[in-house]
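Each reported figure results from applying straightforward, stated rules to the coordinates on display, with no laboratory input. Only a predicted model underlies this, so the values are computations on that prediction, with no experimental measurement involved. FYI the Cβ positions are ideal-geometry reconstructions off the backbone, even for glycines, and counts take in every protein chain you see.
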Amino acid sequence: MFTPELTKKLNRIQTPFYYYDLDLLDNTIAEVKKQGLSKGYTIHFAIKANYNHKILDRILKAGLGIDCVSGREIERAIEVGFKPDQIAFAGVGKTDEEINIGLQHEIYSFNCESLQELIILNDLASQKDQVADVAIRLNPNVQANTHKYITTGLNENKFGITIDKLPSLFELLPELKSIHLKGIHFHIGSQIVDLKPFEQLCEKVNELQLIFEEKGYPLEHINMGGGYGINYEEPDSHSIPDFKSFFELFDKNLKTRPGQQVHFELGRSIVGQCGSLISRVLYTKEGYATTFAVIDAGMTELIRPALYQASHRVDVLTSKKASKTYDVVGPICESSDTFQRGISLPAIERGDLVAIRSAGAYGEVMSSGFNLRDRVKAYYSDDL
């Protein structure tokens, strides 16, 4: 990915910054279209992964929809050019203002996560003489085998309506005259690389769909969520996830009805590998048991390692020297501001350029101004 010619161009830019390989993004989207859209699946891009305008423009042109979890994300999607009927709105804590934004734009679906939210949505829609289209987010209690902070489908997680609440749901629904139930929605977690949990999810969905039908609620669509992971260790050899195996699993295991739509919400798997955080070495420092490589990017630009011990590959772009072991750390006044510990890298010096890989998802969007640091810029392969 990082050729000598590209490295020379990047080396002229003030660090740190985000770099996006738009050719890789285009190729990834093309594979999603080939393996998913071509089968008739509806795919919403999870805008929380990356709301960069240039990236959203490409996703829009490819025919994907948008999965939002805030009112401002809905507005960003509309600004970029997505149509309201392409927008699904999830989120466990929607404010009245955010719900009204969705109602104002008459979005495709509110993915509701509690009985109380359904009541509030019904009241707000009634005030506007509207009927809100709804998918009920259910918590299937499926173990996603991922980090506990990004597991979302277990009974102890805050997301969705647990299965034991279904009798109360079916008792409530007839009273909600400003609600139109059109589907059910699931999301069991993020960065899932073992497909087995998705197979288990299909089994649960098949059972739940029968229950809804028995209660007189045939479903227009089933939203299976997202969460498909990427390879953080070897981003070059696994630059595009295996979407063929992912979608074939649902072909095989999900029992749909004639005319029923199946929706997905993919984020990281589409944009994760196309982005890198480019940084420069400020200092090398010998400790008692390790050598620190202090770089000018920190948890303010990529918080994932500090937030939930995520591992990102670090490549040195401007050194070919014999290898040495380093802890790669940032400049922020937190001990958790560490990207890698005890990794072997070409011996580096002050001024060397490094790339922290697989930062296209949950990098730029989670950046902060902690320590009053400036927000950093983004650069693109078609601009260099």
Among (i) 27, 58, 15, 0; (ii) 26, 49, 20, 4, 0; (iii) 27, 53, 19, 1, the entry derived from the coordinates for P(r) over Cα pairs in 20 Å bins from 0, in percent:
(iii)
For the stretch 1-69 and the stretch 353-384, compute the distance between their C-alpha centroids and round to whole Å.
14 Å
To make sure I understand, if each residue's beta carbon is the centre and we count other beta carbons within 10 Å, what order do SER114, SER245 fall in, fewest to most?
SER245, SER114
Roughly what angle does helix 22-35 make with the longest principal axis of the chain, taking Cα atoms, 0 to 90 degrees, to the nearest 10?
30 degrees
Sorted by chain and number, the residues with a modelled amide H under 5 Å from that of THR318, at a separation of 5 or more or across chains, are LEU353
The chain - mean residue ellipticity at 222 nm from DSSP helices (-39,500 (n - 2.57) per run, n ≥ 4, rounded to 500)
-8500 deg cm²/dmol
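Return HIS221, HIS263 ranked ascending by Cβ neighbour count within 10 Å, so the fewest neighbours appear first. Working shown, then result.
On the way: HIS221 20, HIS263 23.
Result, fewest neighbours first: HIS221, HIS263.
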Fraction of beta bridges assigned by DSSP in the chain that are antiparallel (%, nearest 5)
40 percent
Sort ASP23, ASP129 so that the residue with the fewest other Cβ atoms within 10 Å of its own Cβ comes first and the one with the most comes last.
ASP129, ASP23
